[in-house]
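Student: Submitted below is the structure of interest, expressed as structure tokens.
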Amino acid sequence: MPDSHPHGSPMRLVLATLNALIRGIACRMLIGRNASREAAELLRSDPLPEEIVRRRLPAYLQSMSWEVRNIAIKLIVRLRDPAFYPVLVSKLLNGSDTGIVVRNVITGILEIGLNTAEVEQGLRRAVHDGYWEVRCEAARVLSELFEPTAERAAVLAGMLAPKPHLHEPVALGERNFEVRAAVARALGRCSPPEIALPVLGLLARDSHWMVRHQAAVALVELSARHTDVAPEAAAVLDTIDVLSDGCQSRFPLPATIASLRKIIYNGLAHTDAAELQRFYIDVKRGWNRAGSVR
């Protein structure tokens, strides 16, 4: 019996629509893979083909693939063309891209040294981002890219979401230990000590040994920048619980505390605060092996 529907049966229309949809998805996936491969090759190029990168960047930045957009951010940083810097600032301010992309935007802003008022505004938003890696990187970059002030130190301390507690002077609402560790490290650089020291004292009693580790280094770094607080910092070091589940054929926390106590008790006159950075653990890479960074 002939088909009475002017455009074929409803089932044929459904199948045709599904086939078109599948072909469209497959086509976009293929385009995305090709763009990712092309962008990655450009990023690896030495020297960087700058004019090609300038032409391709707009398409990469609008890609549906977060991997392609992520490479685009890295290309902007490597290109060092101020014409593309507003892209970084915009992504930082709206924070709407994938967490890994936003994190690498923040890392790139530090590499470029882009310390504008808009960047600081974006970083202050990012310290409360839902993705913990973004919060960690925002804390680091805020402390390294801008001069330390009481207001900026207060922003960092506020990341911990302190609140009254029945059995403790204060409890921390930030449940992610990597973020607490990042705040400790940032406060070692970000004075004034009247704000940083009490918070570091609190983090030195943290339940996670890596937070205590970072707080210990930060206490001595802060003391190297403000030698008048060295006695108080030394007293906190003496109270730190050095038991931990981290070891590198040795226990890094007791070893670090011993080194820091030697530095702070022998005097800080010949200690450069920047030299103390070597005692921090790179939380992204891990404490017992060099992990990959996305």
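Student: Any chance region 128-143 includes a residue that's outside any loop (DSSP other than H, G, I, E, B), over 13 Å from the mean Cα position of the chain (by Cα) and either at pLDDT 95 or above or among the acidic types (Asp, Glu) (or both)?
Tutor: No, there is no match, as no residue in region 128-143 is outside any loop (DSSP other than H, G, I, E, B), over 13 Å from the mean Cα position of the chain (by Cα) and either at pLDDT 95 or above or among the acidic types (Asp, Glu) (or both).
Student: When you go through (1) assigned by TED's automatic domain parsing to the domain that holds Ala139; (2) in a helix (DSSP H, G or I); (3) modelled with pLDDT under 95 one by one for Met64, which number turns out not to apply?
Tutor: Failed condition: (2).
Student: Do we have Asn115 as in a loop (DSSP other than H, G, I, E, B) and either within 19 Å of the chain's Cα centre (by Cα) or farther than 28 Å from Asn176 by Cα (or both) here?
Tutor: yes
Student: Restricting attention to region 219-236, report how many residues are free of Cβ contacts under 8 Å to residues at least 12 places away in the same chain and of a type in the set (Val, Ile, Thr).
Tutor: 0
Student: Taking Ser207, is it exposed (fewer than 13 other Cβ atoms within 10 Å of the Cβ), in the same structural domain as Ala157 (by TED's automatic domain parsing) and either closer than 25 Å to Leu160 by Cβ or not basic (Lys, Arg) (or both)?
Tutor: So Ser207 passes the test.
Condition check ((1) at pLDDT 95 or above; (2) in contact with a Pro (Cβ under 6 Å, 6 or more places away or on another chain); (3) in a loop (DSSP other than H, G, I, E, B)) across all residues:
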{"position": "Pro198", "(1), (2), (3)": "no, no, no"}
{"position": "Ser207", "(1), (2), (3)": "no, no, yes"}
{"position": "Ala216", "(1), (2), (3)": "yes, no, no"}
{"position": "Ala224", "(1), (2), (3)": "no, no, no"}
{"position": "Leu260", "(1), (2), (3)": "no, no, no"}
{"position": "Ile281", "(1), (2), (3)": "no, no, yes"}
{"position": "Lys284", "(1), (2), (3)": "no, no, yes"}
{"position": "Asn288", "(1), (2), (3)": "no, no, yes"}
{"position": "Val293", "(1), (2), (3)": "no, no, yes"}
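Student: In the set Glu67, Glu111, which member is within 17 Å of Arg140 (Cβ to Cβ) and touching a residue at least 24 places away in the same chain (Cβ under 8 Å)?
Tutor: One residue alone meets the criteria, Glu111.
The values are calculated or read from the model by the stated rules, or taken from the named source; none is laboratory data. Keep in mind it's a predicted model, so treat the numbers as computed, not measured. All Cβ positions, even for glycine, are placed from backbone atoms using ideal geometry, and neighbour counts span all protein chains on display.
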